[in-house]
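Please read the structure below before turning to the comments.
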């Protein structure tokens, strides 16, 4: 009898240990009781110096500044492109745009245009698909710009719910472009056309909070790519913000985004989700050049749509109370491509293993690990299908580009090497190429490695995957059906 009881106890202990091991394996590696929720807030064409915690004196951004004070702020975070379609592709797939075929497409050019045959290939694996496989509810609310035909819409790329415009706010009908009125879509149906752009930020915020409330008892992922400050020369804002800033329509739109951020953070607190939700706030690329100036990339040199620092280095703030130390600043290099592997890690998932993923898990940097360093031996600055610059450590080398189609260096010479120490010269003012041939040689080796990996121009290597493409794009899918 004692022997039987002993065996029963042993079996019971073994069973308990097995259950504990299984539960431990299922939990995310940060040791929280349940998988965290994720909210990514992505601005459109907002500059490095456009919010208070990055030095703005024009825009009132108390909510964004508070988010940085309660979390971490990165000083050297990069988009992978100076324009929006490629950078958004990188954010969602963890890859350089060229790897997924969205660096330059025909007939579109730099970014996808309305009624394009191109889009993010459905065979790519997005953050939403990685998280959905772990039981997350997923939503994309905002500007998509990765294909407007049905196979490319967010609902076909891992998102349970979509509400937003399928491309940039400035892509409206004009002479020579028979584009549809700017459509507002819900899932795969146009519900308004044209949409009132003044109300986009407000409506996106309301939909985001509604989705969070609906799924507050389950893990969720919300990707909120704002349409603003946007691509028009006179950005849009609702009545509560129009004409209220010190920087015209551009400032109005920035301050409304700040309000939106505050509303979302307040909702998380109200629903008891504050310590269960990682919120990330960033921009798709730098502020473009306008006359008179609107956005600011200070203290960086250059503008959006270039490979200068002002074109591709963007603000990045992450907040997760109890997990990310408050008031910290990270100076290590990180990029848009890191979001997929990082969120996968935190959710207890794995990035795709059947393909090359360029990003890295940056949770050690986010969590304030003092020993954490960047995983990038070298970072490549592509403009469309060409490699224009590389960075390693503090050093950035602009390559000699002959016959460039566009001056991407804001007046700098294109046909000579330019070497800058970004730690000491954030404005890219002093060319050290002649005095540091050793650094030039090392960075040129990085450039050759990048070209060997991804090719350049019309030469695409086997490591480049195909863009998604339909044969006959239909404009009617972007038009609101007529009333019966």
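The values are calculated or read from the model by the stated rules, or taken from the named source; none is laboratory data. Bear in mind that the values here come from a model prediction, so they are computed numbers and not experimental data. Note: ideal-geometry Cβ built from the backbone for every residue, glycine included; neighbour counts use all protein chains shown.
Remarks
- Failed item in (1) at pLDDT below 95; (2) surrounded by 16 or more Cβ atoms within 10 Å (Cβ to Cβ); (3) part of a loop (DSSP other than H, G, I, E, B), with residue 477 passing the rest: (3)
- Elements of type helices (runs of 4 or more DSSP H) contained in segment 280-369, each with 3 or more residues being assigned by TED's automatic domain parsing to the domain that holds residue 130 and in contact with a helix residue (DSSP H, G or I) (Cβ under 7 Å, 6 or more places away or on another chain): 339-346
- From 207, 202, residue being more than 19 Å from residue 94 (Cα to Cα), outside any strand (DSSP E or B) and touching a strand residue (DSSP E or B) at 6+ places or on another chain (Cβ under 6 Å): 207
- Test: residue in segment 171-189 that is surrounded by 21 or more Cβ atoms within 10 Å (Cβ to Cβ), in contact with a strand residue (DSSP E or B) (Cβ under 9 Å, 6 or more places away or on another chain) and in a helix (DSSP H, G or I): no
- Residue in segment 211-229 that is on the phi > 0 side of the Ramachandran plot, touching a strand residue (DSSP E or B) at 6+ places or on another chain (Cβ under 8 Å) and either outside any strand (DSSP E or B) or touching a residue at least 24 places away in the same chain (Cβ under 8 Å) (or both) present: no
Listed here are the residues, each with its yes/no results for (1) surrounded by fewer than 21 Cβ atoms within 10 Å (Cβ to Cβ); (2) more than 23 Å from residue 231 (Cα to Cα); (3) touching a helix residue (DSSP H, G or I) at 6+ places or on another chain (Cβ under 8 Å); (4) not assigned by TED's automatic domain parsing to the domain that holds residue 330.
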position	(1), (2), (3), (4)
49	no, no, no, no
57	yes, no, no, no
61	no, no, yes, no
88	no, no, no, no
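- Flag if residue 166 is assigned by TED's automatic domain parsing to the domain that holds residue 308 and in contact with a helix residue (DSSP H, G or I) (Cβ under 9 Å, 6 or more places away or on another chain): yes
- Some residue of segment 298-321 being within 30 Å of residue 109 (Cα to Cα) and without any contact (Cβ under 8 Å) to a residue 12 or more places away in the chain: no
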